[in-house]
Structure formats: C-alpha cells, structure tokens
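Novice: Once you've had a glance at the structure underneath, I'll fire off some questions.
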Amino acid sequence: MIGETVASVDPAGIVTVVGTSTPARSEMIRTVAPPVGAGPFNVTRACVDRFCEVWRDLHPARALPKMGAARFVVVADTDEAALAIARRAYPMWYRSFNHLFWKHNTTPGALGERPPTFDGHIAKGTGIAGSAATVASVLAREIADTGVNYLVCQFAFGDLTLRELLRSVDLFAAHVMPACRRAAQTSEPKRMLA
C-alpha cells in the first residue's frame with residue numbers, strides 16, 4: 001500500500017516529514033504536520049477524517065490546516081494522448097524508483113510498493129492521465145469526496161519530454177486548477193462543521 005506522507009516547515013525553514021498509511025497511525029503525528037495522502041481514495045478519506053477528528057480535539061478554536069493528496073498527473077489535448085504519454089513514461093520512473101531496492105534484494109517497505117504500470121495507478125486512484133476536462137472532473141470529485149484541500153501533483157516522471165511536461169502543466173493551470181479550487185471551497189465548510 002502506498003503510505004501517507006506528512007510534512008511541515010518550522011519557523012527556521014526545516015521540513016519535517018513523517019509517513020503513515022492508516023488512520024490509526026495518522027493520530028500519532030497530528031501535532032507534527034497535516035497529511036498528504038499518496039494512497040488510494042479510501043485511505044486518503046479515512047486519514048483525512050481521522051486527522052479532522054483529532055485536530056478538533058487538540059485545537060478546537062483553530063481552523064483546519066492544509067490536507068492534501070499526492071497524485072501522478074498527465075494532462076494532454078485528449079484522453080488517448082495523455083494515456084499514451086503516461087504509459088510510455090512511467091516504466092522508466094518505476095525502474096529508477098525500484099533500482100536500489102532490487103539491487104539490494106529488498107522492497108520500498110514503509111514507503112509502499114508502487115504499481116508496475118501507470119494503469120495500476122489509475123486503478124488505485126493514485127494517478128490520472130487525460131484531457132483537461134477528464135483530469136478536472138476526477139480531481140475535483142476526489143477533493144470533494146475526500147476533504148483534501150490541496151494537491152501534490154507529480155507532473156515530471158520517467159521519460160516525459162520537456163514539451164509534454166510543459167503542455168501538461170499549462171493545461172492543468174488553465175483548466176484543472178480552477179475546478180479543483182471550486183471543489184475545495186465547496187467541501188471546506190463540510191469538513192469544518194463535521
């Protein structure tokens with residue numbers, strides 16, 4: 001399972017990163033930093049729910065902090081083009097990510113196993129490739145359904161070309177981000193009042 005990654009920055013600019021993959025473990029780190037879920041939808045939702053519950057107990061007068069989801073993202077002019085790019089680029093990333101684990105006969109362990117194909121990420125909900133409309137629809141729905149209020153998108157991976165990467169980011173900024181912002185604003189009051 002892909003775990004949850006949690007990071008915070010102290011006043012001196014030092015980043016603290018703590019990982020968890022279960023809602024129960026999420027409770028242990030709530031005074032350290034908010035969650036960034038790199039796992040499937042159901043894990044992200046459960047961790048956000050648990051985080052909100054513990055946060056309200058610890059800080060009843062404070063607003064909820066940022067809570068995010070990390071996803072592989074490729075945006076292109078069509079769904080077919082984005083999928084072709086992601087499917088071509090991902091195997092190189094996968095081999096690179098696993099190289100030292102394989103060399104030393106081990107696994108990512110607490111970091112979590114990654115699917116061997118981009119389609120595996122799509123199936124788990126940890127990756128999306130499509131047109132701007134498709135990506136906006138999927139991510140806005142995830143934001144609304146999980147309660148996250150920001151995304152950590154991995155746009156550069158494997159052998160994506162600079163041209164493909166820049167086009168993906170441009171389409172994301174122009175068309176996907178507005179839909180994600182609307183979804184986060186709509187879901188915010190539900191999380192605050194729950």
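The values are calculated or read from the model by the stated rules, or taken from the named source; none is laboratory data. Here the structure is a predicted model, which means the values were calculated and not measured. No Cβ is skipped: glycine too gets one built from the backbone with ideal geometry, and neighbour counts run over all protein chains shown.
Novice: Could you please find all residues in region 131-143 being under 17 Å from residue 40 (Cα atoms), of a type in the set (A, V, I, L, M, F, W, C) and in contact (Cβ under 8 Å) with a residue 24 or more places away in the chain?
Specialist: Listed by number, the residues that qualify are 135, 139, 140, 143.
Novice: Just give me the residues in region 40-64 being under 17 Å from residue 143 (Cβ atoms) and in a helix (DSSP H, G or I), in sequence order.
Specialist: 41, 42, 43, 44, 45, 46, 47, 48, 49, 51, 52
Novice: Of all residues in region 157-182, count the ones that are in a loop (DSSP other than H, G, I, E, B) and crowded, with 16+ Cβ neighbours inside 10 Å. Show your work before the answer.
Specialist: Quick first cut of region 157-182, residues in a loop (DSSP other than H, G, I, E, B) only: 157-161.
In the following step, the residues that additionally are crowded, with 16+ Cβ neighbours inside 10 Å were identified as 157-158, 160.
Final tally of qualifying residues: 3.
Novice: Considering (1) more than 15 Å from residue 37 (Cα to Cα); (2) of a type in the set (S, T, N, Q); (3) crowded, with 16+ Cβ neighbours inside 10 Å, say which one residue 107 fails and leave the rest.
Specialist: Unmet condition: (3).
Novice: Another one. With respect to the numbered conditions (1) under 20 Å from residue 179 (Cβ atoms); (2) in contact with a Gly (Cβ under 8 Å, 6 or more places away or on another chain); (3) not aromatic (Phe, Trp, Tyr), which one is the sole condition not fulfilled by residue 121?
Specialist: That leaves (1) as the condition not met.
Novice: Using beta carbons and a limit of 7 Å, which pairs, at least six apart or on different chains, have the first residue in region 44-56 and under 17 Å from residue 151 (Cα atoms) and the second one hydrophobic (A, V, I, L, M, F, W, C) and buried (at least 19 other Cβ atoms within 10 Å of the Cβ)?
Specialist: 44/69; 44/148; 48/67; 48/148; 51/67
Novice: Filter region 65-82 down to residues that are within 16 Å of residue 149 (Cβ to Cβ) and in a strand (DSSP E or B), then give me how many there are.
Specialist: 4
Novice: Can you find a residue that is surrounded by fewer than 19 Cβ atoms within 10 Å (Cβ to Cβ), on the phi > 0 side of the Ramachandran plot and not in a loop (DSSP other than H, G, I, E, B) anywhere in region 85-101?
Specialist: no
Novice: Does region 183-194 hold any residues that are surrounded by fewer than 15 Cβ atoms within 10 Å (Cβ to Cβ) and either modelled with pLDDT of 70 or more or on the phi > 0 side of the Ramachandran plot (or both), and which are they?
Specialist: Matches in region 183-194: 185, 186.
Novice: List pairs: first residue in region 75-93 and modelled with pLDDT of 95 or more, second residue β-branched (Val, Ile, Thr) and assigned to a helix (DSSP H, G or I) anywhere in the structure, Cβ distance under 7 angstrom, at least six positions apart or on different chains.
Specialist: Final answer for the pair search is 75/135; 75/176; 76/85; 79/134.
Novice: Return yes when residue 146 is without any contact (Cβ under 8 Å) to a residue 24 or more places away in the chain and polar (S, T, N, Q) and no when it is not.
Specialist: no
Novice: Please go through region 161-186 and give me each residue that is charged (D, E, K, R) and free of Cβ contacts under 8 Å to residues at least 40 places away in the same chain, ordered by number.
Specialist: Step one: list which residues in region 161-186 are charged (D, E, K, R), which gives 163-164, 167, 170, 181-182.
Once the filter is applied, which keeps residues that are charged (D, E, K, R) and free of Cβ contacts under 8 Å to residues at least 40 places away in the same chain, region 161-186 yields 163, 170, 181.
Novice: State all residues of region 110-137 that are surrounded by fewer than 19 Cβ atoms within 10 Å (Cβ to Cβ), modelled with pLDDT of 90 or more and not in a loop (DSSP other than H, G, I, E, B); if no residue qualifies, say none.
Specialist: Of everything in region 110-137, those that are surrounded by fewer than 19 Cβ atoms within 10 Å (Cβ to Cβ), modelled with pLDDT of 90 or more and not in a loop (DSSP other than H, G, I, E, B) turn out to be 119, 120, 123, 124, 133, 134, 137.
Novice: Working carefully through the options 125, 158, 120, find the one that is touching a residue at least 24 places away in the same chain (Cβ under 8 Å) and more than 14 Å from the chain's Cα centre (by Cα).
Specialist: Exactly one residue qualifies, and that residue is 158.
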